[in-house]
Structures are given as structure tokens and as C-alpha cells.
1. Using the Cα centre of segment 45-156 as the reference point, and only Cβ charges (+1 on K/R, -1 on D/E), how large is the resulting charge dipole? Debye, rounded to the nearest 20.
2. Working from Cα positions, state the angle (0 to 90°, nearest 10) between the long axis of helix 179-204 and the longest principal axis of the chain.
3. Quick one, which of (i) 20.1; (ii) 22.0; (iii) 24.7 is the actual Kirkwood radius over Cα pairs in Å calculated for this model?
4. Give the span of segment 63-102's Cα atoms along each principal axis, as three whole-Å numbers ordered largest to smallest.
5. Could you work out the mean projected area of the convex hull around the alpha carbons of segment 136-183, in square nanometres to one decimal?
6. Per residue, what accessible area does the chain have, given a 1.4 Å probe and all protein chains present, in Å²?
7. Of TRP241, TRP33, TRP230, which has the largest mean-square fluctuation in a 10 Å C-alpha GNM of the chain?
8. About the Cα centre of the chain, what is the dipole size in debye to 20, counting +1 per Lys and Arg Cβ and -1 per Asp and Glu Cβ, all else neutral?
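The values are calculated or read from the model by the stated rules, or taken from the named source; none is laboratory data. Keep in mind the model is a prediction, meaning the values are calculated, not measured. Here Cβ is always computed from backbone atoms with ideal geometry, including for glycine, and neighbour counts include all displayed protein chains. What goes into the accessible areas is simple: the full protein's heavy atoms, side chains included, and nothing from ligands, DNA or RNA. Shrake-Rupley method; radii C 1.70, N 1.55, O 1.52, S 1.80 Å.
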Amino acid sequence: MTRTGRDTARGTRAAPQGEGAGPVRRPSRRGAWVLGYAFVAPTVVLTVLFSLVPLGMLLWRSLYSGGVFDFAPTFAGLDNYTAMLAEGGGRALGVTGLYTAGFIVLTMGAGLGLGLLLNSRAPGVARLRAPFVIPLVVPVVATALIWANMFAPRFGLVNRLLGALNLPQADFLSSPGLALLAVLTFGAWQFFGQNVILYVAALKSVPQDVLDAASVDGAGAWRRFRHVQWPMMHRQTLLIWVVTTLTGLQTFTQIYVLTQGGPDGATSTALYYVYNEGFVQFDTGRANAMGVALFLLSLLVTMAQLWLAGRADRAR
């Protein structure tokens, strides 16, 4: 080999490890923290601006009385809360609780039952999934107007069916005893499709081999559901329970279109009370007080649900 070739070979020979290359730089712990905060900062800023700041303003304005456009409100302290509870607010909270309880039972019960049906291997069941999504995508106002015509006193579909069965007809939306039931029926029909979808997804998450093993051990459909499926989807059920509860507590559009809080306040929920006091009566003090009460009620109910779910998990 010539000298030139030997020199070329030496030049192309790989340098020993650690020679000719500087030490590998690792990001410092401080730099990692800065990078992490940089990624989290947009979410924190948006949360503060659109959640915490409005909540703070709500708490502050609930202690003052005045109109919507009153830039110099008068300090009222807790008088707004006492006036709110005494002048229809207490009843509105009761109506909200009653509506939410019925809403949870109807939507979660129907969602679970239909979810089990759609998750079965019965022929043609898969084609029935699409209709349950329709109430979720159709505008609430449009469907509420349709249901208002269905509940019409003389020519509505419901009263015609009652007449065909020789049953007494009723003015559902004008009767204090039936108006809330009619609104609850419409609200459950509109929302239960979401629970069907969530329960189907929860049932699909249960491993099929576990169900097959239970079947081999002689477990029937009810025992498989009671001892296998239900315990394995308790986290999804907690999510459905919390979301359904918050939806019931925040009901407004159905009330506004169908009954406008009537008759005689029988369907006036907490959120409708906020609208009526703030934008109809222009009394922001009572409206803000009800807003704070509804926020605290939602927070306490959610915390209680999480506590009960955690206690059930520890008991297993």
C-alpha cells in the first residue's frame, strides 16, 4: 500500500469513542421546568380569563344590587341571597332538584337499557344506533316547538292518543301538576341518546374473553352483567352520572321555549330564574346570587358523587 493510501486509511478510520466529540448536553432541570410551564401557560391563561375571572366577578356582583347597566351598584351584602330565597329562588332550587333527579333516573336508565340492547348480538340491532343520535344534533328550539305542538290541549298528538283510548285529555303545559312532567319527558328524550352512546362504549371496553369465561362457568346474562360488566365499567358510569347531573342542573332552553317558567313558577328552574331576574326584571343582585348558589350546588353535588364513587371503589 502506498503512503497516500495509508494516509487515506488513517483519515477515514473512525475516531475512538469520546475523542473528537464534545460531551452530550442534557437539558437542565430548570430548563425542563421552563419548557413545561411554557406548554401549560396558554391553558392556564384561558382558564383564568374565561373561568376564574368571570366567577370572581359573579361573586363580587352578588353582593351588590342594581340593574344590568348600573355602573355604581349599591352594596347589599347577603341581602341579595335572602331576597333571592324568599322571592322565588328557593322554589326554583327545589324545582331544579326535582327535575334533575327525574332526569338522571330516566336518561341513565334508558341509556343503560338501550346500551345493553345495542351491545347484544341480536340481528339487525346495529342499525338502530343512528336514530338515537338524531335528538342530539337537531337544534333544541326546533324540537321544543315540535313537542309543544304534541302537547297542545285539543289537537296535539298526545291528547289525540288519549282520546282514542277513551282517556281524559289534559292541558299539559298549562297545568301546574303536569307541566314539569312534560318538560322532563322532552328533556330526557333529547339527552338520553348521549348516554346510550357512552354506555355502548363502556360495554365495548369489557374484554370479551372475561365474558366468555363467565359463560363457561355457567353465568347467565344477568349474572354476567351484575358481576362482570357493571363492576368493570364503574368509572364510565361515574362520568355519565356527573355529566347527566350537571346537564339537569343547567336546564334552560326547554323551559324557555315550552313554559317560560310557568304555570305559576311550577317549571322555573335555577338557571331560568337567573335569566328572568337578570334580563327581564333587571335585578342583577338576585340573579347573581342565584348564579352563585347554582355554582355551589353543582360543585357540592359533583364532589359528593366523586366521594361516593371513591368510597365504593375502596369497599371492593
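1. About 680 debye.
2. 20 degrees
3. Here Kirkwood radius over Cα pairs in Å agrees with entry (iii).
4. Largest first, segment 63-102 extends 42, 19, 13 Å along its Cα principal axes.
5. With every direction weighted equally, the projected area is 3.7 nm².
6. With the other protein chains kept in place, the chain gives 62 Å² per residue.
7. For the chain, modelled as a Gaussian network with Cα springs under 10 Å, the answer is TRP33.
8. 1880 debye
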